[in-house]
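Below: the structure, in structure tokens.
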Ligand code: PMP
């Protein structure tokens, strides 16, 4: 039966990583990767996480199964961080998932099982969103929502898309640090989005994968909370893989909200059944480490300090890029307002290829750059390369 299969294209970012490795030029710059990097191009294990892992190894006395809900303490400790203190506990249920991707897939399957057929996805979005929703049998309806030249939300376009949707459709919203644009709604825009989504009776599907990398843990949840407060039903897919640096440990959670506890209990029973059919139980290690960090005051404070440092590095680099202003055809000034690791530059595929071939600057074919890919001194060279591109 395998002879009937059609070969699938290799992941273009993985191809880019291979090409970068093979490039002998000393001054090459890798802006393609999707992970945080420090000044030395390293993706470190956070010290607080390392401490928690050592405690976990020292104290864990069983590897017996936990159950399809995973580590309940982990989920409970994340809830005040995501929902704040005001959201009624009886209106939500949650469970641990294998990363944010597992949460997205499980949330999509829950929607499909509940009869949701379509999800609105603003373009561009993380490249894996559409495949995950499609795999769960949900039709992705793309729409415009960014003014890429001005690097801001195109609220009229977003409102129009919401207005054209049918009641009961879902809409994907990036909670913060939009991947790949870095363009997040302002507080006023979040208010408008929450109201429009509620008025049109859509089900918000919030992807919160970078909490703390934009403006801080609280500020980065503000839009999510506004939306959750405005609607009866919603799902939130969460990742700890960036803000705890856990990537390969696959650490995430999914919550669903309902207007009343009876519906909540039924939703949870469905989530557990879907999880059971997918992975039976999520991997323990990353979630246990996060739980140990969050239940310990000192480790939690240390982690917050380290997260602050990640964010400060990103904000500093954004400031340096923005200070270059207009370089060639690209205005970098709006990047100072962007959030998180990513920005998408208005460059054509040919220009992106020229930057790679001529200057050893590697970025995704979409023009997405990972701000954390810049080492000290790289930004001046990047600016010169863009000036050179303007002349080419
Ligand atoms: N959502 C977005 C927007 C992401 O960028 C990513 C990871 N790149 C994820 C979800 C998935 O995160 P995880 O690695 O935890 O599966």
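The values are calculated or read from the model by the stated rules, or taken from the named source; none is laboratory data. This is a predicted model, so every value here is computed, not measured. Cβ sites come from the backbone with ideal geometry, for glycine too, and all protein chains shown count toward neighbours.
Brief remarks follow.
- Boolean, residue 358 is more than 21 Å from the chain's Cα centre (by Cα) and outside the structural domain of residue 219 (by TED's automatic domain parsing): yes
- The set of residues in the range 106-137 being within 16 Å of the ligand (Cβ to nearest atom), within 21 Å of residue 95 (Cβ to Cβ) and assigned to a loop (DSSP other than H, G, I, E, B) consists of 128, 136.
- Counting only helices (runs of 4 or more DSSP H) that fall entirely inside the range 218-327 and contain at least 3 residues that are in contact with a helix residue (DSSP H, G or I) (Cβ under 8 Å, 6 or more places away or on another chain) and under 22 Å from residue 203 (Cβ atoms), the qualifying elements are 261-278.
- All positions within the range 20-38 that are touching a helix residue (DSSP H, G or I) at 6+ places or on another chain (Cβ under 8 Å) and loosely packed, with under 13 Cβ neighbours inside 10 Å: 27
- If you go through the range 338-371 and keep only what is in contact with a strand residue (DSSP E or B) (Cβ under 9 Å, 6 or more places away or on another chain), closer than 22 Å to residue 215 by Cα and touching a residue at least 40 places away in the same chain (Cβ under 8 Å), you end up with 341, 342, 343, 344, 368, 369, 370, 371.
Residue-wise test of (1) within 16 Å of the ligand (Cβ to nearest atom); (2) assigned by TED's automatic domain parsing to the domain that holds residue 228; (3) modelled with pLDDT of 95 or more; (4) touching a strand residue (DSSP E or B) at 6+ places or on another chain (Cβ under 7 Å).
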{"position": "151", "(1), (2), (3), (4)": "no, yes, no, no"}
{"position": "158", "(1), (2), (3), (4)": "no, yes, yes, yes"}
{"position": "164", "(1), (2), (3), (4)": "no, yes, yes, no"}
{"position": "167", "(1), (2), (3), (4)": "no, yes, yes, no"}
{"position": "174", "(1), (2), (3), (4)": "yes, yes, yes, yes"}
{"position": "177", "(1), (2), (3), (4)": "yes, yes, yes, no"}
{"position": "190", "(1), (2), (3), (4)": "no, yes, yes, no"}
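- Residues satisfying the stated conditions in the range 201-212, i.e. part of a loop (DSSP other than H, G, I, E, B) and within 11 Å of the ligand (Cβ to nearest atom): 209, 210
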